[in-house]
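The values are calculated or read from the model by the stated rules, or taken from the named source; none is laboratory data. Keep in mind that what you see is a predicted model, and the values were worked out from it rather than measured. Glycine also receives a Cβ, built like all others from the backbone with ideal geometry; neighbour counts cover every protein chain displayed. With ligands, DNA and RNA removed, areas are computed over all heavy atoms of the protein, side chains included. Shrake-Rupley method; radii C 1.70, N 1.55, O 1.52, S 1.80 Å.
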Amino acid sequence: MHILVLVSRGQGVFIPALMKRTHHCSQLRKSDAGSAATLVGWVDSVRDHGGILFVDLRDREGLTQIVLDPANATLEAQFGSIKPESVIEVTGNVQVRIEAAVNPNLATGGIEVHASELMIHNVSKTPPFPMDDTADKTSEDLRMTYRYLDLRRTSNLNLLRLRHKTSQAIRNYMDEETFIEVETPMLFKSTPEGAREFLVPSRMNPGAFYALPQSPQQYKQMLMVAGVERYYQLARCFRDEDLRADRQPEFTQLDIELSFIDREDMYSLIEGLMKRIWKDTLGKGIETPFLRMSYYDAMNRFGVDKPDMRFDMELQDCADIFASSEFKVFKGTLDSGGSIKAFNAKGLADLTQGELRGLEDSAKSLGAKGLAFIKSVGDEWKSPILKFFSDQEKAAIKEQLQVEDGDIVFFAATEWERACTILGRVRLEAAQLLVKREKLTISPTDYKFLWVIEFPLMLFDEEQGRYVSSHHPFTAPVVEDIPLLDSDPKKVRGQHYDLVLNGVELGGGSIRIHQPELQKKVFEDVLKIPADVVESRFGYMLKAFEYGAPPHGGIAFGLDRICTILGQRTSIRDVIAFPKNQKGQEMMTQSPGIATEKQLRDLHVKAVLPKKES
Ligand code: ASP
C-alpha cells in the first residue's frame with residue numbers, strides 16, 4: 001500500500017511523497033550525511049570508474065549521484081541491468097563527496113548515496129533518440145511516437161509543470177474574483193459563421209450529428225441569462241482547420257463571461273489576471289495598464305491586427321510624397337484611391353539575393369505584383385525604380401523614412417488594407433533577418449502586451465457578396481454606431497477587444513448583444529442569414545433574451561499560446577502533452593483510426609473514401 005506523507009523539500013516547501021522512497025532526487029544535502037535514504041527513479045547516466053558504477057539517478061525533481069560498489073556481490077550481480085532509462089530503487093547511506101567531486105551546479109552536488117540495496121524495477125531498451133535537449137533536432141513524428149520518452153526529458157516535464165502552474169494561477173485568481181467554474185457540453189451542434197467543425201454521428205438520432213464546440217460561446221451566454229453572473233472554464237475547443245505552429249485541432253481556452261460590465265471592467269480584470277499568471281509562473285512583474293491601439297492604427301502602423309511592439313520599423317504613408325509622381329505604378333495607385341506604404345528596414349541593405357527573393361515571395365503570396373525597394377549603400381541609392389523618382393521625391397523619402405547608409409526601404413502600392421498587410425508581413429520577416437545579423441534584439445522575455453480595440457463590427461466578404469462578422473455575430477455594436485447598421489454597416493464599430501502579446505493574439509472577446517430585436521436584426525438584416533436558419537440555429541437564444549437577459553460580455557484566451565510564450569517556445573505542440581501532427585494525427589496511439597463496418601452501420605454512416613491516385 002502506498003502511504004502519503006509530507007516530506008521537506010529543503011526550501012521550507014512540503015511535498016507529498018510515497019513511502020517507497022524517503023526523498024526525491026533533488027533533496028539530499030550535506031546536512032543529510034550519515035543518514036539512510038531510499039531513492040527511486042530513472043538511470044540518467046552510468047559511468048564505470050574501475051569497476052565502481054556511478055549512476056546519476058533522475059526523477060522529475062532532479063538528479064542524485066549513486067555509488068554502486070562491486071564488492072557487494074548482490075549489487076554486482078545486477079550491474080548488467082543498469083542501463084540508461086531503466087527504473088531502479090536504491091537504498092544506501094548519504095555521504096559527503098570528496099572536494100574534487102563536488103558539483104556546484106547540481107542541488108545535490110555535495111553528496112552521493114552509497115548503495116547497500118538495489119532493486120531493478122524495469123530494464124529499459126535503448127531509447128530511439130537522446131534523452132537530452134539534442135533530441136529537439138530529431139524528427140518530431142519519431143518523438144511523438146515515443147511521446148512518453150520525449151515527455152520524460154527534463155525540459156519537457158518542466159513545460160507540463162509550467163502549464164499546471166498557469167492553470168493553477170488562473171483558477172486561484174478567478175476564484176478570488178468570485179467566478180464560478182462551469183462545464184459546458186462537448187457534444188454540441190453545428191454553428192455557422194465559424195471554422196470547420198468536427199461532427200459526431202448520433203446513434204440514437206439517425207442522420208443527426210453533434211458538432212464538437214469551437215468554443216462554449218453560446219452556452220456561456222446562456223449561463224449569463226441563467227444568472228451565473230461570473231463564469232469561467234478551462235474549456236477544450238475543436239476546430240477542423242489546417243494546422244500551423246500555433247494551431248491544433250483541439251486546444252484549450254480560458255473562457256470567461258460576466259454580467260453587468262463594460263469594456264473598461266474587462267480590461268482591468270484581465271490585466272490583473274495576466275499580472276497574476278506572470279507572477280505565479282515566472283515570478284515576474286508586468287506593467288499595467290496595457291497599451292491600447294485601434295484596429296485601424298494597428299493595421300496602418302504595423303500592417304497586422306496583432307502587432308509585435310518589441311521593435312519599431314513602423315509603416316509610413318507616402319501618398320504626399322508621390323502625389324504627382326512620374327512613376328506610373330505609384331501615381332496610378334493613388335489616382336484609383338489606393339495607398340503607398342513604406343517602411344525602413346534599418347541596416348538590412350546587405351540582404352542577400354536569396355533573402356530578397358524570400359521577402360518578394362511573401363509579398364506576392366499576399367497579392368503584391370512585386371516588392372519595390374531602395375537600398376542605401378555607401379551613401380548611394382540603388383533600386384530598379386530609382387530612375388522614376390525626382391530629386392524632390394528622393395529628398396522627401398530620405399526625410400520621412402530617415403534613410404541612412406545601410407538601410408533598405410520597402411514599398412507597397414495598392415489598396416490600403418492590402419498594402420498594409422503586405423508590408424506587415426515583410427516587416428516581420430525583415431526583423432528576423434536583422435535579428436540573425438544581431439542588428440536587432442527581440443527578446444522572448446520582453447513582454448509587450450497590447451489591447452487592440454475598435455474593430456469594425458462587419459467586414460464585407462467579396463466572395464460571398466455579403467457582410468460577415470469580424471468577431472462573431474453576438475458582438476454588440478458601439479452604441480452610437482447602431483443607426484449606421486442600416487445605412488453603412490462597414491462603419492459600425494464593434495465592442496470587440498483582442499489581447500496581443502509580442503505579435504501573438506492571446507485572446508479576444510466582446511461585449512455582447514443582449515436585446516432580442518437587435519440580435520435578430522444583426523442575423524437577418526446585416527448578416528443576411530435566412531430567417532428559417534436563424535430560427536433553427538439561434539431561435540432558443542432569441543427566446544432566452546426575452547426572459548430577462550442581463551447586459552454581458554466575455555473573452556477567451558488560448559491557454560496553449562500563453563504557456564508557449566511563458567515557456568519561451570515557438571510551437572504550441574510543445575506545451576500540449578499529446579499533440580497532433582500537421583496531418584492531424586496523434587502518432588503514439590495512431591489516432592485517428594479506421595472505423596469497422598459494424599460501427600459505421602450502428603451510426604447510420606457510410607464512409608466514402610476519395611479515389612486513390614494511380
Ligand atoms: N468565443 C470567442 C472565441 O472563441 C471568444 C469570446 O468572444 O469570448 O474567439
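Structure data summary
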| read-out | value |
| --- | --- |
| Qualifying positions in region 534-551 - more than 23 Å from residue 489 (Cβ to Cβ) and not in a helix (DSSP H, G or I) | 546, 547, 548, 549, 550 |
| Residue tally, condition of a type in the set (A, V, I, L, M, F, W, C) and open to solvent by less than 60 Å² (accessible area, probe 1.4 Å), over region 166-189 | 6 |
| Subset of region 224-239 [open to solvent by 50 Å² or more (accessible area, probe 1.4 Å) and either within 19 Å of residue 504 (Cα to Cα) or among the charged types (D, E, K, R) (or both)] | 229, 230, 236, 239 |
| Close pairs from region 520-533: first within 22 Å of residue 494 (Cβ to Cβ), partner of a type in the set (A, V, I, L, M) and surrounded by fewer than 18 Cβ atoms within 10 Å (Cβ to Cβ), Cβ under 9 Å, at least 6 apart | 520/531; 520/542; 523/531; 523/533; 523/542; 524/531; 527/468 |
| Helices (runs of 4 or more DSSP H) completely within region 135-247 that count 1 or more residues being more than 16 Å from the ligand (Cβ to nearest atom) | 140-145, 147-152, 154-176 |
| Members of region 37-77 that are more than 48 Å from the chain's Cα centre (by Cα) and under 19 Å from residue 151 (Cβ atoms) | none |
| All positions within region 565-600 that are assigned to a helix (DSSP H, G or I) and more than 17 Å from residue 133 (Cα to Cα) | 565, 566, 572, 597, 598, 599, 600 |
| Per-region count, region 601-614, residues over 18 Å from residue 198 (Cα atoms) and in a loop (DSSP other than H, G, I, E, B) | 5 |
| Residues that are over 16 Å from residue 215 (Cα atoms), within 15 Å of the ligand (Cβ to nearest atom) and part of a loop (DSSP other than H, G, I, E, B), drawn from region 248-282 | 261 |
| Positions within region 537-570 being open to solvent by 60 Å² or more (accessible area, probe 1.4 Å), closer than 21 Å to residue 511 by Cβ and within 13 Å of the chain's Cα centre (by Cα), in sequence order | none |
| Residue that is nearest to the chain's Cα centre (by Cα) [pool: residues in region 501-528 that are open to solvent by less than 10 Å² (accessible area, probe 1.4 Å) and of a type outside the set (A, V, I, L, M)] | 507 |
| Inter-residue pairs, beta-carbon under 8 Å, first among the hydroxyl-bearing types (Ser, Thr, Tyr) and in region 83-108, second in a loop (DSSP other than H, G, I, E, B), 6+ apart | 86/123; 86/124; 108/25; 108/26; 108/27; 108/28; 108/29 |
| Test: residue in region 573-580 that is buried (at least 21 other Cβ atoms within 10 Å of the Cβ) and within 15 Å of the ligand (Cβ to nearest atom) | no |
| Region 91-113, residues that are open to solvent by less than 60 Å² (accessible area, probe 1.4 Å), in a loop (DSSP other than H, G, I, E, B) and β-branched (Val, Ile, Thr) | 102, 108 |
| Enumerated strands (runs of 3 or more DSSP E) restricted to region 350-467, each holding at least 1 residues that are under 30 Å from residue 523 (Cβ atoms), open to solvent by 60 Å² or more (accessible area, probe 1.4 Å) and not β-branched (Val, Ile, Thr) | 458-461 |
| Out of 461, 446, sole residue that is free of Cβ contacts under 8 Å to residues at least 40 places away in the same chain and among the charged types (D, E, K, R) | 461 |
| Subset of region 505-526 (residues that are of a type in the set (A, V, I, L, M, F, W, C) and either assigned to a helix (DSSP H, G or I) or within 9 Å of the ligand (Cβ to nearest atom) (or both)) | 518, 522, 523, 526 |
| Residue list for region 468-499, restricted to those being assigned to a strand (DSSP E or B) and charged (D, E, K, R) | 493, 498 |
| Among the residues listed as 56, 44, the single one being open to solvent by 30 Å² or more (accessible area, probe 1.4 Å), within 12 Å of residue 25 (Cα to Cα), among the acidic types (Asp, Glu) and in contact with a Leu (Cβ under 7 Å, 6 or more places away or on another chain) | 44 |
| Residues that are away from the ligand (no atom under 16 Å from the Cβ) and open to solvent by less than 10 Å² (accessible area, probe 1.4 Å), drawn from region 482-500 | 485, 492 |
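Per-residue answers, yes or no, for (1) in contact with a Cys (Cβ under 7 Å, 6 or more places away or on another chain); (2) among the aromatic types (Phe, Trp, Tyr); (3) over 29 Å from residue 92 (Cβ atoms); (4) surrounded by 18 or more Cβ atoms within 10 Å (Cβ to Cβ):
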| residue | (1), (2), (3), (4) |
| --- | --- |
| 115 | no, no, no, yes |
| 121 | no, no, no, no |
| 132 | no, no, no, no |
| 135 | no, no, yes, yes |
| 143 | no, no, yes, yes |
| 150 | no, no, yes, yes |
| 153 | no, no, no, yes |
| 164 | no, no, yes, no |
